[in-house]
Amino acid sequence: MTDAAFEIVDKRLADALGERYLSYALSTIVSRSLPDVRDGLKPVHRRILFAMSQLKLDPNTMPKKSARVVGDVIGKFHPHGDQSVYDALVRLAQDFASRYPLVEGQGNFGNIDGDNAAAMRYTEAKLTEVAKALMQGIEEDATDFRPTYDGDGEEPIVLPAAFPNLLANGSAGIAVGMATSIPPHNVGEICGALNLIIERELLPVPEKRRPVTVDELVSWVRGPDFPTGGVLVESRANIIEAYRTGRGAFRTRARWTKEMLSQGTWQVVVTQIPYQVQKSRLVEKIAELLAERKLPLLEDVRDESAEDIRLVLIPKSRNVDPAVMMEQLFRNTDLETRFSLNMNVLDGGLIPRVMNLHEVLKAFLDHRQEVLIRRSRHRLGEIDHRLEVLGGYLIAYLNLDEVIRIIREEDEPKKELMRTFSLSDVQAEAILNMRLRSLRRLEEFEIKKEHDALAAERATLASLLEDEGKRWKAIRTEVQQMDKKFGRSTALGERRTEIGEAPTDLAVPVEAMIEREPLTIFLSEKGWIRAVSKHLGPAETAETKYKEGDKEGFVLHAETVDKLLIFASNGKFYTLGADKLPRGRGFGEPVRLMIDLGEAEIIGMLRHRPGTRLLVASSDGRGFQVEADDVVAQTRAGKQVLNTGDGSTAVLAVPVEGDAVAVIGNNRRLLVFKLEEVPLLARGKGVALQKYKDASLSDLKLFNLADGLSWKLGGTEGRVRTVAMPELSGWVAFRGTPGKLPPNGFPKNNKFTD
């Protein structure tokens, strides 16, 4: 080869690479990854369906080996790997992947567990009724064709698509610099939206037409309808916004039910899982989280699926709230997924752009009108040709003897027929090709009848082509027939994905992560804390052992889901989770290792009860009411609530129960006053509860004034004395007064309890 055969072009590397990359990008976008808005298909899917149509694999015929179909596709239309083409064919046949399958498969086409299909030599395939609707009219010049890659044949640029496949089956693909993601939808709902657009925007006279908003369309197209079902839990506002912009996401959850068992136990059964989630991988993920102890409410998971999905979730305890357990699983597993919406499609087969719901539906209707016009014109051409032939037949019948003579005697009968009877070339050729059996006398009447029928059909088609309103009425009839054939009244078209309510709060309470269990909590005088896994009675509590030199400080009945409030002499509240306390037969652990107590002493231990109040008091007789929720501390350092000073310390924190307060100082002065005199604060020193001189607060009690004030009699176990009104009125005064000596028999230790 000489040097003249080469041409050297001086070009910057960046420009050369840019041109080639642009060509590659355009090829990927247009010829591989993005679907056409008109038929909702990518080139490989369109070629598979067309090849199967040419093989006459109709729904009412016997299927052929998938290998035969794949061979025709890659040999005639799609010069790519056979496995990639077979994978595309398999997906078209999977009822858990395609909402309305376009291929009916026989054999192993995979399953929802993620198992692959059998090799193409073992499976067979044919078209479904939905695919036939996509191909309807393809032989009637409904769409344009282009040469195949080798120029040996032709393939359709787009299918006629008498079915809204883009929205019905959805699409997903990644091109260069752009992607598409469209979930499947319900055809019955799509047909309702199409009818709405036709009735409001296309059928009325122009001055009466009104645009259809996306909000109105969402009244029909309520959201995706996935082949695997599930529950759509996206808010309506988010759904409308996604369809209005063409971008968004839809949150879908598994469908589950609570199944009651014997003795009050229960289990959760999952019957539908989100779209494109592999069931086997989902079960493996739940098992992994169980092994890592990240699902404390769940005991076990079992897969009892056969043809239908049945995942059994067993709770740790029957006391667990099933909704809370499922909320935790939704947060940590693919029992809840988000399917993105990005309606980036090829407009007219060439221009990629993001469309909203209205634009996608209108593009489908415009395509159907173009198909209707082309098919009508094609049919008109056939009718004109047939009418021309029938006209020649009628002339032949009227001059049958002369026609026979010309055919028998003339050397060029065609030219002689055309000259004698003023026939066209088509008419003369038709007469010469007529069979002898057609010369029956009755045939003349049949031809006249056919001629009249075709003439009437021609007039109808001509009127249709001239009147846009009639065309839209015809398309509306097509949409109604589509709805009747594939819509919600059929088993295939019934909605599978339930439209649910958007969850108001996805946060799982910490308490829900803990199995509810009774506890008895012991805090010794020297600050050692531990818990026993049941509620102990007085006798069992009395037998509890402590370290040498230590003894009982506080004993409290609680549950593992509770928060423990510890009140210290510095006026701070500290918070501990009851489930985190040490268990077992030992002496526990020092509470000072759990909280930063410093030099303060513990003076109280309470069970936090949300929504209640506490009354806190210091040694100098000052105090106030505080919301129990406001004293919960978030850190080890605790939360300062009661401010102390001038040598005073915090001495009491009592739950507010009743309408009166009784206080007594170590000067043995008793005062009773109404609870309403004590203010509600969040933090501070409070107000004077009782006035002292060279004394301090000894004890405090809240009670109902109508029931009287009670205390245990010292040294007499089990006996209680109660002083009620009007006898008690002698000690009732305003808050902050000194009080009076208590009634006879009041304990010498100045305490209301032993």
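Readers should treat all values here as calculations from the given coordinates under stated rules, not as data from a laboratory. No experiment lies behind these values; they were computed from the predicted model shown. Cβ coordinates were reconstructed from backbone atoms using ideal geometry, including for glycine residues, and neighbour counts include every protein chain displayed.
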Based on the Cβ-Cβ distance of S463 and D366, what FRET efficiency does E = 1/(1 + (r/R0)^6) give at R0 = 30 Å, to the nearest 0.05? 0.90
Shape metrics for the range 129-270, restricted to C-alpha atoms - Rg then Dmax, Å: 21.1, 74
Once amide hydrogens are built 1.01 Å from N within the peptide plane, the residues lying 5 or more places from E154 or on another chain with amide H under 5 Å from its amide H are T148
Compactness summary of the range 514-621: radius of gyration and Dmax from Cα atoms, Å, are 13.8, 43
For D225, other-chain or 5+-apart residues with amide H closer than 5 Å (H placed, Pro excluded) are H185, N186
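When a footprinting reagent is the concern and you count Cβ atoms within 10 Å, what order do I395, I157 take, fewest first? Write out the running numbers ahead of the final one.
Values: I395 18, I157 15.
Ordered from fewest to most neighbouring Cβ atoms within 10 Å, I395, I157 come out as I157, I395.
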Reachable lysines from K485, Cα under 23 Å, same-chain residues fewer than 8 places away excluded? K56, K126, K132, K362, K470, K473
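Can you tell me the dipole magnitude for the range 561-664 around its Cα centre, using point charges on the Cβ only (Lys, Arg +1; Asp, Glu -1), in Debye to the nearest 20? Write down the numbers at each step before the final one.
Numbers: 12 positive and 13 negative charges, 85 e Å.
Result for the range 561-664 is approximately 400 debye, rounded to the nearest 20.
Suppose every Lys and Arg Cβ carries +1 and every Asp and Glu Cβ carries -1, with no other charges. What dipole size does the range 609-754 come out with about its Cα centre, to the nearest 20 debye?
Values: 20 positive and 15 negative charges, 73 e Å.
Computed charge dipole of the range 609-754: roughly 360 debye.
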In whole Hz, with x marking every Gly and Pro, tabulate ³J(HN,Hα) for the range 203-210 from phi via Karplus 6.51 cos²θ - 1.76 cosθ + 1.60, θ = phi - 60°. 7, x, 5, x, 6, 9, 6, 10
Dipole magnitude of the chain about its Cα centre, charges +1 at Lys/Arg Cβ and -1 at Asp/Glu Cβ only, in debye to the nearest 20? 3080 debye
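What shape does the range 67-147 have by the C-alpha gyration tensor, where a ≥ b ≥ c are the square roots of the eigenvalues, rounded means a/c under 1.5, and otherwise prolate means a/b greater than b/c and oblate the rest? Before the final figure, lay out the partial values.
On the way: a/c = 2.38, a/b = 1.41, b/c = 1.68.
Because a/c hits 1.5 or more and a/b fails to exceed b/c, the range 67-147 counts as oblate.
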Radius of gyration and Dmax for the range 609-754's Cα atoms, expressed in Å? 15.4, 48
Using a simple spin-label model with points 7 Å from Cα along the Cα→Cβ vector, what separation in nm is obtained for K449 and N744? 13.0 nm
Summing -39500 (n - 2.57) over the DSSP H runs of n ≥ 4 in the chain and dividing by its residue number, what mean residue ellipticity at 222 nm do you reach, to the nearest 500 deg cm²/dmol? -9500 deg cm²/dmol
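Can you give the relative contact order of the chain as a percent, counting alpha carbon pairs under 8 Å and 6+ residues apart? Walk me through the numbers before you get to the answer.
Values: 1402 pairs, mean separation 68.5, N = 754.
After rounding, I find 9 percent.
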Below 9 angstrom from the Cβ of R496, what's the summed charge of the other residues (Lys, Arg +1; Asp, Glu -1)? -1
Determine ³J(HN,Hα), in whole Hz, for all residues of the range 597-613 in sequence, where each value follows from phi through the Karplus function 6.51 cos²θ - 1.76 cosθ + 1.60 and θ = phi - 60°; x replaces Gly and Pro. 7, x, 8, 6, 10, 7, 10, x, 9, 10, 8, 5, 10, x, x, 9, 10
Please name whichever of F573, S533, P738 sits farthest to the positive end of the charge dipole of the chain, dipole taken about the Cα centre and charges placed at Cβ: Lys and Arg +1, Asp and Glu -1. P738
At each listed q (0.07, 0.09, 0.11, 0.12 Å⁻¹), what is the log10 of I(q)/I(0) that the Debye formula gives for the chain modelled as equal alpha-carbon point scatterers? -0.76, -0.96, -1.17, -1.29
Could you run the Karplus curve 6.51 cos²θ - 1.76 cosθ + 1.60 with θ = phi - 60° over the range 561-571 and give me ³J(HN,Hα) per residue in whole Hz, x for Gly and Pro? 7, 7, 9, 9, 9, 10, 9, 10, 5, 7, x
